[in-house]
Amino acid sequence: MTTGVRRRMGVEERRQQLIGVALELFARRSPDEVSIDEIAAAAGISRPLVYHYFPGKLSLYEAALKRAAEDLASRFEEPQQGSLGGRLLRVMRRFFDFVDEHGPGFSALMRGGPAVGSSATNALIDSVRQVAYEQILSHLRVTDPPARLELLIRSWISLVESTALIWLDGRRIPRAELEIQLVHDFAALAAVGAAFDEEMTALLRHMLKDEPHDGPFTDLAARLITLAS
């Protein structure tokens, strides 16, 4: 008869395990509702051992947030193939996958939680927004964005965040409808900018050039024409 021997984890391996356990718990409840004792129990170690790897809950939360932020930022990466509307829709689907998986943690991060307000946390949040901003610029093939375009993109990113937070409170609107609505919102903001700025007019024409007849931007245009008739 043989007995199982628990393998001793190295320092970095144990830290990564604790971060993973924390993220799993934060996905079900707000981080400020999760205790170190719960994290220790879920990881199968003692409370003092958690503090051996992390000075406190805040440092563990920030480490978990860093991993989540890297995951979220990666969801804005999209091959530059097909229409812009189609690309944005695929990005929105991956973004809402993340919101679905990390609901309470995402909400606590954006609305205020144990690590919100720290310089490290704010920098992580801003880094995700910057990745999203730069990704959209690359898809538009713009390196030196005019002021109206920067305003459009950053306003849209804020709209995506706030829409996700509202959706988490009850999920009263089907997720798929919100994903396509946010793509429509991007096109609508671009159209408003184009009405007042020649550079934005050229950009909008570029956006629509490769849009298929069944694409999200074309769909929005058809709906607006119906409303005006």
Members of the range 85-109 that are open to solvent by 20 Å² or more (accessible area, probe 1.4 Å), touching a residue at least 40 places away in the same chain (Cβ under 8 Å) and within 30 Å of Leu203 (Cα to Cα): Arg87, Leu89, Arg93
Number of the exception - Tyr51 against (1) aromatic (Phe, Trp, Tyr); (2) in contact with a helix residue (DSSP H, G or I) (Cβ under 6 Å, 6 or more places away or on another chain); (3) modelled with pLDDT of 90 or more: (2)
Residues satisfying the stated conditions in the range 16-43, i.e. open to solvent by 20 Å² or more (accessible area, probe 1.4 Å), hydrophobic (A, V, I, L, M, F, W, C) and more than 21 Å from the chain's Cα centre (by Cα): Ala41, Ala42
Per-region count, the range 24-79, residues small (Gly, Ala, Ser) and under 26 Å from Val160 (Cβ atoms): 8
Leading residue by the ranking (nearest to Met9 (Cα to Cα)) among those in the range 44-61 that are surrounded by 18 or more Cβ atoms within 10 Å (Cβ to Cβ) and of a type outside the set (Ser, Thr, Tyr): Ile45
Complete set of residues in the range 173-229 that are in a helix (DSSP H, G or I) and of a type in the set (Ser, Thr, Tyr): Thr201, Thr218, Thr226
Within the range 181-207, tally of residues that are hydrophobic (A, V, I, L, M, F, W, C), closer than 14 Å to Arg141 by Cα and surrounded by 15 or more Cβ atoms within 10 Å (Cβ to Cβ): 4
Search result, residues across the range 9-68 that are more than 29 Å from Asp169 (Cβ to Cβ) and of a type in the set (Val, Ile, Thr): Val11, Ile45, Val50
Helices (runs of 4 or more DSSP H) within the range 1-83 that include 3 or more residues touching a Phe, Trp or Tyr at 6+ places or on another chain (Cβ under 8 Å) and in contact (Cβ under 8 Å) with a residue 12 or more places away in the chain: 11-26, 57-74
Scope the range 130-164; condition among the aliphatic types (A, V, I, L, M) and either open to solvent by less than 20 Å² (accessible area, probe 1.4 Å) or out of contact with any helix residue (DSSP H, G or I) (no Cβ under 7 Å at 6 or more places or on another chain) (or both); matching residues: Ala132, Ile136, Leu137, Leu140, Ala147, Leu149, Leu151, Leu152, Ile153, Ile157, Val160, Ala164
Residue that is modelled with the lowest pLDDT [pool: residues in the range 111-129 that are surrounded by fewer than 16 Cβ atoms within 10 Å (Cβ to Cβ) and in a helix (DSSP H, G or I)]: Arg111
Residue satisfying condition, being modelled with pLDDT of 90 or more and not hydroxyl-bearing (Ser, Thr, Tyr), within set Leu58, Leu89: Leu89
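The values are calculated or read from the model by the stated rules, or taken from the named source; none is laboratory data. Worth saying up front: this structure is predicted, and the values here are computed from it rather than measured. When we count neighbours, we look across all protein chains shown, and the Cβ atoms used for this are built from the backbone with ideal geometry, even at glycine. Ligands, DNA and RNA are excluded from the accessible area calculation, which covers all protein heavy atoms including side chains. Shrake-Rupley method; radii C 1.70, N 1.55, O 1.52, S 1.80 Å.
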